[in-house]
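Participant: Before we start, here is the structure in question, set down as C-alpha cells.
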Amino acid sequence: MLVEKYRPNKVKEIIGNRDQINKIIEWVFDWERNKKRRPLMITGPSGVGKTSIAHAIKNEFKWDIVEMNASDFRDKEKVEKIIGSASVNASLFASRKLILIDDIDQTFSIDRGGISAVARILKDSNQPIILTALNLWDKKILPLRSLCIPITLKRVNWQAIASLLRDIANKEGYRISETDLVTIAKNAKGDVRAALNDLEAKNPKSFRDRKMEIFEIMKTIFLTMDYNNVRKVSFNSNIDHNTLKMWIDENIPTVYSGYVLVNAFDYLSRADVFDGRIYRRQYWTMLRYSNDLMLAGVSLSKVHPSFRFIKYSYPSYIKKMGRSKTDRSIEKSIAIKMKSILHGSIRKKRREIFLVGLLIRKNKKISEILKLDDKEIKYLNKLVKDT
C-alpha cells in the first residue's frame, strides 16, 4: 500500500504543520542530549501524521519503539505490565526507547485505576513517551493533559498534499492528470492517508465531506433498524459523543410520534443517566452502555424501517450558545469593569449587571465611572428593556 510504502523515514518528511514539527524535533534532540522532557501529547484529526511522527523518530534516530493501543489498558495491572518496565529501563541496543501510546482518547476501557497508572508512568518515566489523540480536550484524558507537552496538528493544506501525490505518482508511473491530482488533494480535506488511498485507487471522485457525516448517521439511526450497522457508524465517525446525543435529542420529535417517541426518549434518558455516572466516577467502561442505549435503543424504538425524506435539524442548544457567545463576552467585559471598582468575584458581578443597567438609566455618569463603551451601554439598555 502507498501509505506504508511512503511512510516518512525522517521527521522533516512529514508534510504540513512545520512549526509543530520543529518543536517535536527540538524535543527529540533534548532527549538525545540526555535532557529529560515531559511526554508529548500529539493531537489532531485523522491522517495528519500523528503516528507517523513516532515511527519517523524511531527510524531517523535509531531508537527502539514500544507501541501499543490505548484499548489494551483495561486496568492498573495491565498498564504497569505493558509499559511500566519499558518506561524506566534503558534499551540494550539503542540510545533511547520510545513509548508510543496511540489513540489514548479513543478507548472506552480505561477505568480510574488505569488512568492513574498511566499518569504515574508519565511522571516517572526515564524514556521518551508520545501519546496521540484526536481531541486534546476530551474529558477522558483530562488527568493526563497537564503532564504532557501539547502538540496540536492541523489538517494539511491541499497544495502540500497535491505536491506529495504528484511526486509519488511520478515514482509509481501512474498516468493521472493534474486535474485529478488536485481533485484528490482537495477532496481529502487535509487527510494525507485518505489522499494516498484515493491515489492508489486512482479515484479522484472520492467524496469526503465531513460536514455531511452527521446526516448519514442521523439517517442510519432514524430510518434503519440494523443494530450492528447503527453501532458501527458511530464508531467510524468524528462526531463527539455529547454532540451526537444533542442531535438525536433534537430530531426525535421530528421523526417519531406516539409511543415510538416515548420509547426513544426513554432510551435516550437512560443513556444520559449512564453519562452522569461516567463523569462522576470516571468509569469509562460504561460508555458502551450509553452508546447502545443512545444509538441502537433509539433506532430500534420504531416498529419497521422508514424510507421517507427527513429534514434533520441542527441542535437548538448549540445554535443558542453560538448566538449568545457575543452577549456572554460583553457581559464578562462589563463584570470585569464592575469588579475593578466594586470588588467581589466576576461571577457575582455578572448577576448584578441588570441592576447596573437600571442605575445607568437614572444616572448616566455611572457608565462613565465604569468606563463602559457604546457596545456595553447598548447591551445594558437592551437587557433592561427586554426584561
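Participant: Taking the Cα centre of the chain as origin, sum charge times position over the Cβ atoms of Lys and Arg (+1) and Asp and Glu (-1), and report the length of that vector in debye to the nearest 20.
Facilitator: On the way: 73 positive and 45 negative charges, 368 e Å.
The dipole of the chain has a size of about 1760 debye.
Participant: Only Cα pairs under 8 Å and at least 6 apart count here; give the relative contact order of the range 212-320 as a rounded whole percent. Working shown, then result.
Facilitator: Working: 103 pairs, mean separation 44.2, N = 109.
Relative contact order, the range 212-320: 41 percent.
Participant: For the range 158-207, what does the relative contact order come out to in percent, with C-alpha contacts under 8 Å and a separation of six or more?
Facilitator: 41
Participant: Stretched out fully, how many nm does the piece from Glu216 to Val303 gain, at 0.36 nm a residue minus the Cα gap?
Facilitator: Extra length from Glu216 to Val303 when fully extended: 29.2 nm.
Participant: If you don't mind, there's one more thing I want to ask. Multiply the residue gap between Lys378 and Ser257 by 0.36 nm, knock off their C-alpha separation, and tell me the result in nm, one decimal place.
Facilitator: 39.2 nm
Participant: Less than 12 Å from a label point 7 Å out along the Cα-to-Cβ axis of Asp327: which backbone N atoms in the range 351-386 qualify, by residue?
Facilitator: Flagged as within label range: 379-380, 382-386.
Participant: Given the pairs Lys123/Lys332; Lys219/Lys382; Lys202/Lys232; Lys339/Lys378, which are separated by over 30 angstrom at their Cα positions?
Facilitator: Beyond 30 Å between Cα atoms: Lys123/Lys332; Lys219/Lys382.
Participant: Expected output is a single nm value to one decimal: the length gained when fully extending between Glu4 and Lys364, i.e. 0.36 nm times separation in residues minus the C-alpha distance. What is it?
Facilitator: Length difference between fully extended and current span is 122.7 nm.
Participant: Between Arg145 and Asp30, how many nm apart are label points set 7 Å from Cα along the C-beta direction?
Facilitator: Roughly 2.1 nm, to one decimal.
Participant: Run the simple label-point estimate for Ser46 and Arg351 please: 7 Å along Cα→C-beta, distance reported in nm.
Facilitator: For Ser46 paired with Arg351, the spin-label model returns 4.6 nm.
Participant: Something else about it: Jot down the radius of gyration and Dmax of the chain, Cα atoms only, both in angstrom.
Facilitator: Rg and Dmax of the chain, Cα atoms, are 26.0, 80 Å.
Participant: Hey, fewest Cβ within 10 Å first, where do Asp386, Asp275 land in order?
Facilitator: Lowest to highest Cβ neighbour count: Asp386, Asp275.
Participant: Oh, and also: Using +1 on the beta carbon of Lys and Arg, -1 on that of Asp and Glu, and nothing else charged, what's the dipole of the range 158-207 about the Cα centre, debye to 20?
Facilitator: On the way: 8 positive and 7 negative charges, 15 e Å.
Result for the range 158-207 is approximately 80 debye, rounded to the nearest 20.
Participant: Mind giving me the nanometre distance, one decimal, between the label points for Arg38 and Ile341, set 7 Å out from Cα along Cα→Cβ?
Facilitator: 4.0
Participant: If you don't mind, another one. Quick one: which of Lys320/Lys375; Lys50/Lys189; Lys10/Lys140; Lys320/Lys371 span more than 23 angstrom between C-alpha atoms?
Facilitator: On the way: Lys320/Lys375 21 Å; Lys50/Lys189 16 Å; Lys10/Lys140 31 Å; Lys320/Lys371 29 Å.
Violating the 23 Å Cα-Cα cut-off are Lys10/Lys140; Lys320/Lys371.
Participant: From the residues Tyr259, Gly47, Ala201, which one has its Cα farthest along the dipole of the chain in the positive direction, the dipole being from +1 and -1 charges on Cβ of Lys/Arg and Asp/Glu about the Cα centre?
Facilitator: Of the options given, the answer is Tyr259.
Participant: Could you work out the helix-only [θ] at 222 nm for the chain, with each DSSP H run of four or more residues adding -39,500 (n - 2.57) and the total divided by the number of residues, to the nearest 500 deg cm²/dmol?
Facilitator: Result for the chain: -16500 deg cm²/dmol, rounded to the nearest 500.
Participant: Sticking with this one: Given R₀ = 25 Å, what would the calculated FRET efficiency be for Leu136 paired with Tyr317, taking r from the Cβ atoms and rounding to 0.05?
Facilitator: 0.60
Participant: Here's something else I'd like to know. Using DSSP to call loops (not H, G, I, E or B), can you name the trypsin sites (Lys or Arg not before Pro) in the range 320-374 whose Cβ has at most 12 other Cβ atoms within 10 angstrom?
Facilitator: Filter output for the range 320-374: Lys364, Lys371.
Participant: When only Cα pairs under 8 Å and 6 or more residues apart are kept, what is the percent relative contact order across the chain?
Facilitator: So the answer I get is 14 percent.
Read-outs: derived from the displayed coordinates by stated rules, not from any lab. It should be emphasised that the depicted structure is a prediction, and the values quoted were computed from it without experimental measurement. Cβ coordinates were reconstructed from backbone atoms using ideal geometry, including for glycine residues, and neighbour counts include every protein chain displayed.
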